[in-house]
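Enquirer: One structure follows; several queries about it will come next.
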Amino acid sequence: MSSPRDILDLLGENARYTTEDLAHMTDFTESEVEDVVAEFEEAGVITGYQAVVNWDALETDGERVRATV
């Protein structure tokens with residue numbers, strides 16, 4: 001039996017999982033996954049999503065590629 005914590009664990013592994021992905025990996029329906037994620041966001045448990053960048057992999061000719069998003 002899955003718990004809402006399982007959704008958090010999965011999002012911690014890969015924040016790009018879709019609600020469909022999460023539903024298939026847990027015992028929740030897609031609608032339930034959306035509700036759980038929304039509740040975590042509203043409660044401040046999930047405060048954002050971020051990209052983890054390996055800057056060293058982007059080095060070209062000794063310069064780093066930089067971008068402001």
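Enquirer: With the dipole of the chain worked out from charges on the C-beta (+1 for Lys and Arg, -1 for Asp and Glu) around the Cα centre, which of Ile46, Val69, Thr26 lies farthest toward the positive end?
Expert: Val69
Enquirer: Ok, one more. If I model a spin label as a point 7 Å beyond the Cα along the Cα-Cβ vector, how far apart are those points for Leu11 and Val53 in nm?
Expert: Reported label-point gap for Leu11 and Val53 is 2.3 nm.
Enquirer: Next up: Once you put a point 7 Å from the Cα of Met1 and another 7 Å from the Cα of Ala38, both along the Cβ direction, what distance in nm separates them?
Expert: In this crude label model, Met1 to Ala38 measures out at 2.4 nm.
Enquirer: Then there's this: Compute the angle between helix 30-42 and the longest alpha-carbon principal axis of the chain, please, reported from 0 to 90 degrees and rounded to the nearest 10.
Expert: 70
Enquirer: Ordering Ile7, Ile46 from largest to smallest accessible area (1.4 angstrom probe), what's the sequence?
Expert: Ile46, Ile7
Enquirer: Whole-Hz Karplus ³J(HN,Hα) for the stretch 13-27, in order, using 6.51 cos²θ - 1.76 cosθ + 1.60 and θ = phi - 60°, x for Gly and Pro?
Expert: 6, 7, 5, 8, 4, 7, 4, 5, 4, 5, 5, 5, 8, 10, 8
Enquirer: With a Cα-only, solvent-free Debye model of the chain, what are the log10 I(q)/I(0) values at q = 0.18, 0.22 Å⁻¹?
Expert: Log10 of I(q)/I(0), two decimals: -0.70, -0.89.
The values are calculated or read from the model by the stated rules, or taken from the named source; none is laboratory data. Since we're looking at a predicted model, the values are computed, not measured. Glycine gets a Cβ as well: all are built from the backbone with ideal geometry, and neighbour counts include every protein chain shown. Just so you know, the surface numbers come from the protein's heavy atoms only, side chains and all, with ligands and any DNA or RNA stripped out. Shrake-Rupley method; radii C 1.70, N 1.55, O 1.52, S 1.80 Å.
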